[in-house]
Amino acid sequence: MNTKRKADPRTVLGIVFIFISFGLAVNKPIPSHVLLIICNFYLWDVRAYRESVLYSGMYSIIAVSMFYIHYIPNSTIALMIVSLSYFIQKFVIAVMMIIFLKKKTSMPSIISAMQTMKFPNIIAIPLIVVFRYLPSLKEDYGCLKDSLKIRGISISGLRFLIHPIRSFELIIVPILFRSLRIAEELSTSVLLRGIENYKNRTNIYPLKFTKTDFVYGLYTAIAVGTVSYLQFYC
């Protein structure tokens with residue numbers, strides 16, 4: 001796979017949907033580990049090496065902790081760790097594929113792909129809003145973190161473990177108020193862009209399948225077949 005030749009956003013959307021769905025469906029250790037390796041290949045393709053190491057490390061720590069879970073005598077604590085680890089593993093796979101989507105395509109291309117595939121507005125609009133909002137959320141969190149540092153308040157991982165409710169209050173409340181303001185701005189923006197106009201829209205981003213999409217499709221088919229075999233026949 002080569003990032004210099006761009007894939008059709010419809011292909012990228014399909015890949016992301018397939019592997020996030022597989023991440024939620026797979027419940028055996030071996031296919032889960034293979035799925036992580038496959039997702040790493042996609043991240044390496046878009047040169048997201050730092051993200052690959054970070055999320056693979058998180059996944060590996062969880063996998064190792066699950067291997068030694070039977071040494072914990074308290075069954076309640078063991079069950080809590082297993083449940084939390086299970087959801088974190090699913091979350092890691094989803095985040096890795098979203099990073100691939102973000103780095104492989106652009107927002108106008110994603111919107112164009114959704115319009116071409118006749119996505120209903122009830123699905124397309126929330127997805128577009130989420131994709132638009134995530135960069136703003138990251139920026140707002142950075143500003144909030146700097147503001148708290150100026151006030152002499154730390155929001156490190158250790159402080160979060162010691163005072164979780166206080167940490168949530170310092171982080172979540174400001175972001176929620178900021179989100180309300182962003183929601184108002186987005187609703188005004190989409191109304192001005194004619195979201196209530198139900199006529200067919202023109203598309204300034206022409207889409208076309210190429211050999212690159214064939215390569216991605218072939219790799220995805222092999223990966224899906226491998227994970228499915230490990231999940232259902234081993």
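The values are calculated or read from the model by the stated rules, or taken from the named source; none is laboratory data. Remember, predicted model here, so these are calculated numbers, not experimental data. Because the Cβ atoms are built from the backbone with ideal geometry, glycine has one as well, and the counts that use them run over all protein chains shown. Accessible surface areas use protein heavy atoms only, side chains included; no ligands, DNA or RNA. Shrake-Rupley method; radii C 1.70, N 1.55, O 1.52, S 1.80 Å.
Using Cα pairs closer than 8 Å and at least 6 residues apart in sequence, work out the relative contact order for the chain, in percent. Numbers along the way, then the final one.
Details: 128 pairs, mean separation 87.0, N = 234.
Reported as a whole number, the value is 37 percent.
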Using DSSP H assignments, which helices in the chain have an axial alpha-carbon span of 18 Å or above and a mean Kyte-Doolittle hydropathy of 0.0 or higher? 9-25, 29-45, 49-67, 75-104, 121-150, 164-192, 211-232
I'd like the carbon and sulfur percentage of the solvent accessible area for the stretch 26-66, probe radius 1.4 Å, heavy atoms only, ligands and nucleic acids excluded. 73
Within a Gaussian network of the chain (alpha carbon springs, distance under 10 Å), most fluctuating of 212, 116, 76: 76
Can you tell me which aspartates and glutamates have their Cα less than 18 Å from the Cα of residue 104? Leave out same-chain residues fewer than eight positions away. 8, 45, 51, 213
Please give me, ordered by residue number, the trypsin sites (Lys or Arg not before Pro) of the stretch 61-167 that lie in loop per DSSP and have at most 10 other Cβ atoms within 10 Å. 118, 151
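By how many nm would the segment from residue 169 to residue 53 lengthen if fully extended, with 0.36 nm per residue of separation less the alpha-carbon distance? All intermediate terms of the calculation are to be shown ahead of the outcome.
Details: separation 116, 0.36 × 116 = 41.76 nm, distance 3.07 nm.
That pair, residue 169 and residue 53, stretches by 38.7 nm at full extension.
Check each of the trypsin sites (Lys or Arg not before Pro) in the stretch 6-49 and keep only those in coil by DSSP with at most 14 other C-beta atoms within 10 angstrom; list them in order. Each step should come with its number before you reach the end.
Details: sites: 6, 10, 47; in loops: 6, 47.
Counting only loop positions with at most 14 other Cβ atoms within 10 Å, the trypsin sites (Lys or Arg not before Pro) in the stretch 6-49 are 47.
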Run the dipole for the stretch 1-148 about the Cα centre, Lys and Arg Cβ at +1, Asp and Glu Cβ at -1, nothing else charged, and hand back the magnitude in debye, nearest 20. 480
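With a 1.4 Å probe and every protein chain left in place, work out the accessible area per residue of the stretch 41-123 in Å², rounded to a whole number. Walk me through the numbers on the way to the answer.
On the way: 5050 Å² over 83 residues.
On a per-residue basis, 61 Å².
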Positive end of the charge dipole of the chain (Lys, Arg +1 and Asp, Glu -1 on Cβ, about the Cα centre): tell me which of 154, 26, 124 has its Cα farthest that way. 124
Dividing the Cα convex hull volume of the stretch 64-111 by residue count, how many Å³ per residue is that? 64
Correct choice for volume of the Cα convex hull per residue in Å³ that was computed from the model, options (1) 224; (2) 168; (3) 125: (2)
